[in-house]
Amino acid sequence: MYKMKNQLIISLLFLSVLNGFGQETDEHNLSLSNDPDSTIYTITPLMPSFGNKREDLQNFIHEESKIKTSKTRTPKSKNVFVSIVIEKNGSVSFDKIVRGVDKKHDKEAKRIAENMPNWSSGYLADESKVRVVMMFPIWFVK
C-alpha cells in the first residue's frame, strides 16, 4: 500500500510538470477581462518577496505600526490578515482585509499595507513579470 501511494504521488507530480504546473492556468489566476495585463496570479514559478530574509516583512510591520505588534503569532495576539497585489514593477496595491478584528486594527493594517515599499516582482516560467496577489498576517498585541 505504501509503495502504491508513493507511485501515485510521483505520477501526479510528473503529470503536473507535463501540464505546466505554475504556468498560466485559469485555476491559478484572477481576471475580469481577457486583457493579460489585468490578470492577477495567485501562484507563479517565482513568487514576489519582501526583502532578503524571511523575517523582513514582519520586521517592517513591527517598525511601521502605530499600534504595538508582535513579530510572531502569540496566543493573545489579534490577527489581521491583509491581501495586497504586487504589481509588475514591484509596487504594492492594497486589496482588502481578508480577516479583520475591529475598525481600529483593520484601519492600521490597511495603512501599513498602503505604506509598504516595493517587493520583488512575480515571474512566469517564460520570465515575464506578472501581477500577484499575496496575503500576510499582522499580529497586534492585546
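Since every read-out is calculated from the coordinates, none of them should be taken as a lab result. Note that the structure is a prediction, hence the values are computed from the model and not measured.
Below is a table of values for the structure above.
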quantity	calculated
Rg(Cα)/(2.2 N^0.38 Å) for segment 22-140, N = residue count	1.10
Sequence-distant lysines (8 or more away, or on other chains) whose Cα lies within less than 23 Å of LYS96	LYS66, LYS68, LYS71, LYS78, LYS88, LYS104, LYS107, LYS110, LYS129, LYS142
